[in-house]
Amino acid sequence: MPPDWPRGRTASGRPADQRLASPVEPAPDDTDAAVTVRPVMENRAPSGRPLSDPGVVDRLGADLRAAGYSADGVTALLGDSAHRALGRDELAPALRATRDRSRLATLTRLFLLGAAEDEPVVRRVLPRTGVADALAQGVLERDGGRLRAALDIRPYGADAEEFLLVSDLDSDTRPGPVRRDHVLGVGAASITLARAVIREPVDRALDIGTGCGVQSLHLASHAGSVVATDTNPRALALAAATARLNGQQWDLREGSMYEPVAGEAFDLIVCNPPFVIGAGEMRFSYRDSGLAGDGLCQALVEGIRPYLRPGGSGHLLANWIVREDTDWRERVGEWVAMTGCDAWVVQREMADPAEYVGLWLTDAGEDGKSAGADAERAVTLARNWLDYFAAERVKGIGMGTITLRRNDSGSPSVTLDELTGAGEDVTGAEAAGFLRRRAWTEQRTDAQLLASRLALCPAVILEQRSLLGHEGWTTVLRMIRRQGGPGATLQLDQWGQSLLAGCSGTVPLQVLVDLLATAHGLSPEALAAAVLPSIRVAVIRGLLEPA
Ligand SMILES: C[S@@+](CC[C@H](N)C(=O)[O-])C[C@H]1O[C@@H](n2cnc3c(N)ncnc32)[C@H](O)[C@@H]1O
């Protein structure tokens, strides 16, 4: 599965390190320990929507916490093997591990595994909420003589914090097509974006297309206030429940793109939009924008500038069309050029049309593979979608992250990278470092660069490839690499290799150039001119650091 493609909201979309330690101390499983109800009451969902009664949300949160329903608690309950199986969408081991129907086991079966349970068992695990209110508020539904969850409510461990997230049940848990206003849970795309955001303290943050509210949960940890928007009223209702369950307050607003925040500006804007590319149909609000092609992503990027305060940043996930005989950089480069912002765009994947269509049909439960599914309809949907791609001469669909920072100098810097390596995810720390180092480098003339003291980053390794010839091994490729740094590689020649070996931050670069030139009978000016372009790249990519 490509990393940036949302998969409903199964645990499979969540890498192991997102299931972090829980600061919540679980209450003993079979006691009625006192539980603190988190005291925030402003996030009120529209009535008639799920969890619109704040009192029920508070009591539900209390029941879940009392049972130790946390990321750590559930992981410990399931054990490594069943937990890993759940990550592969295999439910049987987890169902087996929860057979004892302890309170935690029952909650896990209901809300994570989609199991139907007997009413007395459910009544025992939701003593404060009550079955009647849980039914009335759309948390539970009847399934024959039993009860099952009508919502996905799961623990989410991130940034060493423990959260509860409310979303709709996905097509893995509830077979068949999802509802049109399906509210996506946390998935691989959510996590990709959450990791890519620069987590510095800011005053105002905006989360466009909040869905279940996962990005806003993260934003609240470093923003003074959070505005979260969505076009889907059901999403706003579930986001309100997520906020309240976690004792957070967000300003929730309904509307498309920047419309709900007209005339306002933010220090940070994040957006995981419904980026799926198609003919402009609107079948599922979590993935279809209703605009043809990549129109929504284009409009979000091109329109961002007025909503950013000076120095403010924007982080977007996006998909873009790559047409036959064109380079993706031309298309996305035009989008970011319209903003006048500094930009770092990273294409992480390019999918071919058939792969793309197949994965999105599966994601929405429309691939015709589940029992009783309409296989003929699945074929029609795929054919129409592929016809659209063919008519548009689409070679592939690029997907990646776009980092923007408002620049008021009139000369923004734009870098477009294709980084498909497994360990090359853009993280907020890498994005912040990249923007800072690129600005530092661009502000320096060659003379200033030569006067600076640079140190090779300790994590850098040198890789060499050699060919055997008549006179032994000859090095044909030299490459330095910073492990875990996206795009942090640089090919060197022998002069660059020698020069970098001397970069310990103790003397100006000019001294090293002079020494190397003297040792080899070269002109220092010519050597400097030859190596400085690589030195600039090495600084920008975090291979060399100003001491
Ligand atoms: C892919 S989901 C992202 C949910 C969540 N932010 C995350 O990171 O997982 C996209 C969300 O955008 C909402 N949306 C769809 N069209 C929109 C638009 N034009 N403007 C704002 N939000 C929109 C959808 O309802 C959905 O909740």
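The values are calculated or read from the model by the stated rules, or taken from the named source; none is laboratory data. Here the structure is a predicted model, which means the values were calculated and not measured. Please note: Cβ atoms are built from the backbone with ideal geometry, for glycine as well, and neighbour counts cover all protein chains shown. The protein model used for the area step is the full one, side chains on, heavy atoms only, and it has no ligands, DNA or RNA in it. Shrake-Rupley method; radii C 1.70, N 1.55, O 1.52, S 1.80 Å.
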- Query: Considering the zone a paramagnetic label at residue 547 would reach in this model (a point 7 Å from Cα along the Cα-to-Cβ line), which residues of the range 480-518 have amide N under 16 Å from it?
  - Reply: 499-516
- Note on the structure: Once phi for every residue in the range 229-242 is put through the Karplus expression 6.51 cos²θ - 1.76 cosθ + 1.60 (θ = phi - 60°), the whole-Hz ³J(HN,Hα) values, with Gly and Pro written as x, are 10, 6, 7, 9, x, 5, 4, 5, 5, 6, 5, 4, 5, 4
- Query: residue 476 to residue 501: FRET efficiency via 1/(1 + (r/R0)^6), r the Cβ-Cβ distance, R0 22 Å, to the nearest 0.05?
  - Reply: 0.70
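Expressed in nm to one decimal, what extension gain is obtained for the pair residue 337 and residue 529 from 0.36 nm per residue of sequence separation less their Cα-Cα distance?
Values: separation 192, 0.36 × 192 = 69.12 nm, distance 2.98 nm.
Full-extension gain reported as 66.1 nm.
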- Message: Can you work out the Karplus-derived ³J(HN,Hα) for every residue in the range 537-546? Use 6.51 cos²θ - 1.76 cosθ + 1.60 with θ = phi - 60°, whole Hz, and x for glycine or proline.
- Response: 4, 4, 5, 4, 8, x, 8, 10, 10, x
- Where does the chain land at 222 nm, in deg cm²/dmol rounded to the nearest 500, when only DSSP H runs of n ≥ 4 count, each adding -39500 (n - 2.57), divided by all residues? -10500 deg cm²/dmol
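Would you mind getting me the FRET efficiency between residue 468 and residue 511? Use the beta-carbon distance for r and R0 = 51 Å, nearest 0.05. Intermediate results must be reported in sequence, preceding the final value.
Numbers: r = 37 Å, r/R0 = 0.72.
Between residue 468 and residue 511 the formula returns 0.90.
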- Note on the structure: Between residue 180 and residue 408, the two model label points (7 Å from Cα along the beta-carbon direction) sit apart by a distance in nm of 4.5 nm
- Task: Extending each Cα 7 Å along its Cβ direction at residue 279 and residue 253, get the distance between those two points in nm, one decimal.
- Result: 3.5 nm
- Query: Each label point is 7 Å from the Cα along the Cα-to-Cβ direction; what then is the distance between the points at residue 370 and residue 116, in nm?
  - Reply: 1.5 nm
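Using a 1.4 Å probe on the protein chains only, how many percent of the accessible area of the chain belongs to carbon and sulfur?
Values: 11470 of 22370 Å².
Percent of accessible area from carbon and sulfur atoms in the chain: 51.
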- Could you size up the charge dipole of the chain around its Cα centre, putting +1 on the beta carbon of Lys and Arg and -1 on that of Asp and Glu, and report it in debye to the nearest 20? 660 debye
- Message: Spelling out what I want: for every residue of the range 505-518, take phi, set θ = phi - 60°, compute 6.51 cos²θ - 1.76 cosθ + 1.60 (Karplus), and round to whole Hz; glycine and proline get x.
- Response: x, 9, 10, x, 4, 4, 4, 5, 5, 4, 4, 5, 5, 4
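Percent relative contact order of the chain, based on C-alpha pairs within less than 8 angstrom and at least six residues apart?
Numbers: 1121 pairs, mean separation 64.5, N = 547.
Relative contact order of the chain: 12 percent.
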- With the 1.4 Å probe rolled over protein heavy atoms, the chain has an accessible area per residue in Å² of 41 Å²
- Query: Zone of residue 323 (label point 7 Å along Cα→Cβ, backbone N under 18 Å): which residues in the range 253-287?
  - Reply: 277-280
